[in-house]
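Single-structure report; data block below.
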């Protein structure tokens with residue numbers, strides 16, 4: 001016969017999972033006029049940046065011109081949301097087949113204190129061989145996050161020996177000219193993401 005867990009233990013377990021969900025699944029509403037998964041019209045979001053990639057080289061947004069890009073803001077110490085979303089991006093690229101080669105996946109860290117180029121170099125290949133990891137100074141990260149309207153903050157608890165980052169979790173589809181074409185919420189199925197990217201590619205070809 002199985003022993004029933006005391007009510008207080010069950011309550012504590014539920015509380016722990018609730019805290020984890022609040023820390024790691026917090027997603028803000030998209031900017032006004034932004035269409036998630038569709039066209040984005042008249043939205044002042046995105047902009048130029050210059051950061052350091054996972055090889056230690058300086059890289060600007062100009063390096064993404066001529067192709068599409070999927071940009072995600074996260075951090076390597078993230079316990080579940082970031083790796084899940086990066087995995088979904090990788091699946092979406094696979095869903096696109098050959099067309100996926102026209103999309104560059106990018107992760108911009110919101111935790112530059114820990115996410116050095118060396119750390120990113122170990123992390124990004126775990127998800128996709130073309131994934132670009134970008135870091136920079138606190139000021140550089142703050143600047144690009146503000147341009148993409150990304151919220152993030154350091155979360156600390158005296159009982160922890162480490163800190164986590166609370167942050168919004170959108171994937172931005174940037175077109176070959178550098179404009180944000182779509183935004184995808186956390187949890188968007190990779191098949192839907194791939195379908196939306198194909199739609200943008202067809203629309204661009206037909207125009």
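Observations
- Within the set 66, 56, the sole residue that is assigned to a loop (DSSP other than H, G, I, E, B) and touching a helix residue (DSSP H, G or I) at 6+ places or on another chain (Cβ under 7 Å) turns out to be 56.
- Hits in region 177-199 - residues which are out of contact with any helix residue (DSSP H, G or I) (no Cβ under 7 Å at 6 or more places or on another chain), assigned to a helix (DSSP H, G or I) and surrounded by 18 or more Cβ atoms within 10 Å (Cβ to Cβ): 196
- Condition check for residue 45: over 19 Å from residue 195 (Cβ atoms) and crowded, with 21+ Cβ neighbours inside 10 Å: no
- Filtered residues of region 145-164 (kept if closer than 17 Å to residue 112 by Cβ, touching a residue at least 12 places away in the same chain (Cβ under 8 Å) and either touching a helix residue (DSSP H, G or I) at 6+ places or on another chain (Cβ under 9 Å) or assigned to a loop (DSSP other than H, G, I, E, B) (or both)): 148, 150, 151, 152, 155, 162, 164
- Among residues of region 138-159, those that are surrounded by 11 or more Cβ atoms within 10 Å (Cβ to Cβ) and either under 14 Å from the mean Cα position of the chain (by Cα) or under 23 Å from residue 170 (Cβ atoms) (or both), counted: 15
- Selection from region 70-95 of residues that are outside any helix (DSSP H, G or I) and touching a strand residue (DSSP E or B) at 6+ places or on another chain (Cβ under 9 Å): 70, 71, 72, 73, 74, 75, 76, 77, 78, 79
Values quoted throughout were computed directly from the atomic coordinates according to the rules given, and no laboratory measurement underlies them. Everything numeric in this text was worked out from a predicted model, so none of it was measured. Cβ coordinates were reconstructed from backbone atoms using ideal geometry, including for glycine residues, and neighbour counts include every protein chain displayed.
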